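Accompanying notes for the structure given below.
The values are calculated or read from the model by the stated rules, or taken from the named source; none is laboratory data. Since this is a predicted model, take the numbers as computed values, not measurements. Note that we place each Cβ from the backbone using ideal geometry, even for glycine, and neighbour counts take in every protein chain shown. Accessible surface areas use protein heavy atoms only, side chains included; no ligands, DNA or RNA. Shrake-Rupley method; radii C 1.70, N 1.55, O 1.52, S 1.80 Å.
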Amino acid sequence: MGRIKKPKVIVVGAGVGGVATAARLAEAGLEVTVVEKNNFTGGRCSLIHKDGYRFDQGPSLLLLPHLFHETFHDLGASMEEEGIKLIKCEPNYKIHFHDGVTFHMSTDLTTMKAEIERFEGKDGFYRYLSFLQESHRHYELSVTYVLRKNFYSLLSMLRPGFLRHLLELHPFECIYKRASMYFWSERLRRVFTFASMYMGMSPFDAPGTYSLLQYTELAEGVWYPKGGFHKVIDGLVKVGKKRGVKYRLSTPVSEIKLSEDGQEVKGVILADSGETLEADIVICNADLTYAYNNLLPPTSYSRSLSKRHASCSSISFYWALDKRFLELSAHNIFLAEAYKESFNSIFKKHQIPDEPSFYVNVPSRVDPSAAPRGCDALVVLVPVGHLLDPDFNAHKGVDTSGKTQDWDTMVSIARRTILATIESRLHISLAPHILHESINTPPTWKSTFNLDRGAILGLSHSFFNVLSFRPKTKHPNFRNLFFVGASTHPGTGVPIVLAGAKIVSEQALSQWWRRIPWQKNDDVDNEKVGELDRVHWRPALDLLQWVVVLLAGIFLTVWWTRVEGWNWKDGMFAGGDW
């Protein structure tokens, strides 16, 4: 009968989602080629090297480590075998306030007890444990029902397993409001809400569900890969190559090629040579909004993506210092005195706050190889508004209201404010010891990585930008075009994108009737479980949960039909494409 032809796969983009999906599809026996516009892999998870100093260009801390280990395990490998050593950071952070007070965030319960009781007494620690209980629930439910599930349509949100836990996730309340129920001082409310910036959102807007980010830090710790975050991506690249993945760097794509009848994609067209690389499946790891507007024919949907709420951007400084400053730990947060106002400047005015909150990473504190002996490497991330003009590609831009985004001025303000803030709070002067500096701004994030509006974390995670409302992992019109990355389901952040790579890989393989090699039977065989360890059903609680499911289903059905204009008498939608 001859050999069965291997489906050819082209992956556009070598970010973490692209390299993880490529390795998974190659593990399943497909022929995979990755094309990348830059001359390096990892996208924002890449490194800057200069004169013996090493800087993480993007992420500098590793959360949800089990999702990283799971990815390598699914590929028949391990992080240890690939030479990836994770170093636990202790404390997680030092959080510096304007009045000179420092809070130590830690996984150590005795440390947290002492820190919290300093400000809120014995009852404060009791409330902290209650906060952990709620955020733990957010974490476990989100991993089970969101990160490991695909949401193909609105009906996907009516799954009983998801619906019965919907209200427990507190998606309709902001993180700051949920935290305020457990922490009664403004200081601790700030301590336990700033992590929403991991998603590029204000704690006054981010759904309460995302307290799970604070939970994973407190329960699982903050980790750093020795050698820089890119070691993880490099490990996935090596695993993929062992399974046959081919990489073509410095190879930008100008277009995703469609069939003549417009029913499917046929491959990609390279920008420099005009060469066509044919494929049976295309996985797009380029920024999703960019891909829809630049690599595919324009549509009303592609234009609507540019109008959706996006995450913030950043001005990032990479400083090589000629001495060590032990007053700084590996991870440091400097919070603005005008906390809420600083977020309003970023997310409502799209400017840099007069007094910004910012993050300082010192990789050489946990990994001496990041800087020459006796020196420090510093990465300073200042959140700022994203670009306002979608066609912006110069170094200055103007929004429709006439407000100017002058990045030269903003960079100067940011540098001056950072140095002054660190000096006033820690009594150290960094400026005389900066040997050289590299900078990323919203325009450079956009030009280097094709990020729509320079938003470093893709689309926002507001309620109507997640789950079934978030752009789908598969193109609605082309059966063999899939998306993976920050702006598609399940969302932004390296571990979340790794979870998305697994979802997309399984979706593509299922469509092609290919075996999914990492799927195993996870069912517990209760016959082999001892009586002391047997889990017993709680019928009263289960009945209550099913009542909640029924009521939530009725509510969502009525709400959706009203929004879409369903005409019950005529049995049709009043307008729009279905």
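Side notes on the structure shown:
- Screening segment 136-186 for residues that are of a type in the set (Gly, Ala, Ser) and without any contact (Cβ under 8 Å) to a residue 40 or more places away in the chain and picking the one that is farthest from GLY208 (Cα to Cα) gives GLY161.
- Scanning segment 202-230 for residues that are in a loop (DSSP other than H, G, I, E, B) and either in contact with a Pro (Cβ under 9 Å, 6 or more places away or on another chain) or open to solvent by less than 10 Å² (accessible area, probe 1.4 Å) (or both) turns up SER202, PRO203, ALA206, GLY221, GLY228, PHE229.
- Going through (1) at pLDDT 95 or above; (2) of a type outside the set (Phe, Trp, Tyr); (3) closer than 27 Å to VAL143 by Cβ; (4) surrounded by fewer than 16 Cβ atoms within 10 Å (Cβ to Cβ) one by one, GLY240 falls short only on (4).
- Count of segment 154-172 residues, restricted to those that are over 15 Å from PHE555 (Cα atoms) and open to solvent by 50 Å² or more (accessible area, probe 1.4 Å), is 1.
Per-residue answers, yes or no, for (1) assigned to a helix (DSSP H, G or I); (2) within 22 Å of the chain's Cα centre (by Cα); (3) over 25 Å from LEU498 (Cβ atoms):
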site: TYR126; (1), (2), (3): yes, no, yes
site: TYR139; (1), (2), (3): yes, yes, no
site: PHE151; (1), (2), (3): no, yes, no
site: PHE162; (1), (2), (3): yes, yes, no
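- Among residues of segment 396-414 that are farther than 9 Å from ILE352 by Cβ and charged (D, E, K, R), those with a beta-carbon under 8 Å from a residue that is outside any strand (DSSP E or B) and modelled with pLDDT under 50 at least six positions away or on a different chain give the pairs ASP408/HIS395.
- Here is the figure for segment 262-291: residues that are of a type in the set (Ser, Thr, Tyr) and crowded, with 24+ Cβ neighbours inside 10 Å total 1.
- Scanning segment 28-48 for residues being assigned to a loop (DSSP other than H, G, I, E, B), open to solvent by 20 Å² or more (accessible area, probe 1.4 Å) and under 19 Å from TYR318 (Cα atoms) gives a total of 2.
- Only a single item in (1) under 25 Å from the mean Cα position of the chain (by Cα); (2) surrounded by 14 or more Cβ atoms within 10 Å (Cβ to Cβ); (3) modelled with pLDDT under 95 is not met by PRO476, and it is number (2).
Conditions tested, residue by residue: (1) under 11 Å from the mean Cα position of the chain (by Cα); (2) in contact (Cβ under 8 Å) with a residue 40 or more places away in the chain; (3) open to solvent by 10 Å² or more (accessible area, probe 1.4 Å).
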residue: PHE449; (1), (2), (3): no, yes, yes
residue: ALA455; (1), (2), (3): no, yes, no
residue: LEU467; (1), (2), (3): no, yes, yes
residue: GLY491; (1), (2), (3): yes, yes, no
residue: LEU498; (1), (2), (3): yes, yes, no
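Rundown of residues vs (1) modelled with pLDDT of 95 or more; (2) in contact with a Cys (Cβ under 8 Å, 6 or more places away or on another chain); (3) open to solvent by less than 20 Å² (accessible area, probe 1.4 Å); (4) not charged (D, E, K, R), yes/no style:
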residue	(1), (2), (3), (4)
LEU63	no, no, yes, yes
LEU75	yes, no, yes, yes
GLU82	yes, no, no, no
LYS85	yes, no, no, no
PRO91	no, no, no, yes
VAL101	yes, no, no, yes
HIS104	yes, no, no, yes
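- Top-ranked residue in segment 320-340 [being open to solvent by 30 Å² or more (accessible area, probe 1.4 Å) and in contact (Cβ under 8 Å) with a residue 60 or more places away in the chain; ranked as nearest to THR421 (Cα to Cα)]: GLU337
- Residue count for segment 255-275, restricted to those that are under 21 Å from ALA508 (Cβ atoms) and of a type in the set (Ser, Thr, Tyr): 1.
- With respect to the conditions (1) modelled with pLDDT under 95; (2) closer than 24 Å to PHE40 by Cβ, TYR224 lacks only one, and its number is (1).
- Qualifying residues in segment 504-536 (those that are assigned to a helix (DSSP H, G or I) and surrounded by 10 or more Cβ atoms within 10 Å (Cβ to Cβ)) - the one modelled with the lowest pLDDT: GLN511
- Any hit, segment 189-197, residues being under 30 Å from PHE72 (Cα atoms) and open to solvent by less than 30 Å² (accessible area, probe 1.4 Å): yes
- Residue among PHE317, PHE343 that is in contact (Cβ under 8 Å) with a residue 40 or more places away in the chain, open to solvent by less than 20 Å² (accessible area, probe 1.4 Å) and in contact with a Leu (Cβ under 8 Å, 6 or more places away or on another chain): PHE317
- SER487 being modelled with pLDDT of 90 or more, open to solvent by less than 30 Å² (accessible area, probe 1.4 Å) and either among the acidic types (Asp, Glu) or farther than 26 Å from ALA206 by Cα (or both): no
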